[in-house]
Amino acid sequence: MTTAAQRAATLEDVARMAGVSRSTASRVIAGTGFASPAARQQVTAAVDQLGYVPNPAARALVRGGGGVRLVVAAQGASPAVLDDPYVHQVVGSAARVCTPAGVGVALHWLPLGDPRGLHQLAGDRTVCGVILVNTTEDLLAAVPGSLRDRVVSIGVGSATVPSFDVDNAAGSDAVLRHLYAAGRRRIAMVTGPRWLPCAQRPVQTYRRLMHQAGLPEWEITGDFTAARGRAAAGEALSRWADVDAIYAISDDTALGVIAGLRDAGVRVPGDVAVAGFDDIPLAGMTAPALTTASHPVGRIAVAAATALLDGRPAARVTLFPSTLVARSSA
């Protein structure tokens, strides 16, 4: 008997074949704790038959870490991506999972368009797993075969790289419908970077809803920063004098939009409503408080790290729900 050709045998496979619990199989393989002679014989036979090899994270549990680490690899045009609060939240959430397992967490910059760092990580024996952030199709295509059982993506994935992400299409749908229900009919959108695939889902949602409602489609390219949002507000006012709402797919950008509108003497939400996406802590503390949609970054990162540490096959796509958080800015 063999496991499916598309994946390596897991501890669960061994336990199932041996007819023992997962914890018993783990103790036998690790050589620690009690197990009956019969259980040891059954587990050993199952390991041999399945060709099971403990993943690096499991070995780290046995030897107390030994320098094994999980790497959060963030792709970006410059090292500034390493300072992104979103990336920091991914690292912190992964650490909550990894620290009790004796596994460290490291942060690594992958320059945009240069996948060589992936090959370095694949060849590093201390790396038990990699979480890709700001993933593109080119980056997915460059994942070495030796890394494919040890990598997941927060964002887009592929047939060989499972993805974990927020359903930002549904969240954007909820925000835009909220703006429409409030009587807004000239809604501009500040997008994310054009090179980032997961940022295109809200754009597609915006275009679909505007088309269905017979409304104009007004888009300004953003980069998730407040500075760009501030500039985008001025650009929107100069291009579309009758704009009555601006939706930015980042709370930081939306807060910048509010600042830019105030610079121009425009009232929020009296003249122009503003909404964002992410529901960062600051969103509820501003004046006016920001209408947005939730983004459970911590839960997403925990799920991604857990999948790597457990060594279990993950669903190809795992989407976490996003819901409207209505406040006074829209």
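FYI, it's all coordinate maths here, none of it is from the lab. Please read all numbers here as calculations on a predicted model, not as lab measurements. Every residue, glycine as well, gets a Cβ built from its backbone with ideal geometry; the counts of neighbours run over all protein chains shown.
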Legend entry - Mean-position separation - Cα centroids, segment 210-282 and segment 123-145, in angstrom: 35
Legend entry - Cα long-axis angle, helix 37-50 against the chain (0 to 90 degrees, to the nearest 10): 60
Legend entry - Efficiency of FRET between ARG96 and ALA326 - r from beta-carbon atoms, R0 35 angstrom, step 0.05: 0.70
Inset, instruction - Based on other C-beta atoms within 10 Å, arrange LEU308, LEU121 from fewest to most. - result: LEU121, LEU308
Inset, instruction - For a footprinting-style exposure proxy, rank PHE320, PHE224, PHE277 by other Cβ within 10 Å, fewest first. - result: PHE320, PHE224, PHE277
Legend entry - Point-charge dipole on Cβ atoms (K/R +1, D/E -1) for the chain, about Cα centre, debye to 20: 780
Legend entry - Cα-centre dipole for segment 230-321 with unit charges at Cβ (Lys and Arg positive, Asp and Glu negative), debye to 20: 280
Legend entry - Between 0 and 90°, nearest 10: helix 226-239 axis offset from the chain longest Cα axis: 40
Legend entry - Antiparallel DSSP beta bridges within the chain, percent to nearest 5: 5
Inset, instruction - For the chain, with a Gaussian network of springs between Cα atoms less than 10 Å apart, report the residue from SER78, SER294, SER26 with the top mean-square fluctuation. - result: SER78
Inset, instruction - Taking the Cβ of each residue in TYR206, TYR86 as the centre, tally the other Cβ atoms inside 10 Å and list the residues starting with the fewest. - result: TYR86, TYR206
Inset, instruction - Extending each Cα 7 Å along its Cβ direction at GLN212 and ASP263, get the distance between those two points in nm, one decimal. - result: 3.5
Inset, instruction - Report, in degrees rounded to the nearest 10, the 0 to 90 angle that the Cα long axis of helix 297-310 makes with the longest principal axis of the chain. - result: 20
Inset, instruction - Would you be so kind as to identify which of ALA303, GLY229, VAL91 lies farthest towards the positive end of the dipole of the chain, taking Lys and Arg as +1 and Asp and Glu as -1 on Cβ and the Cα centre as origin? - result: ALA303
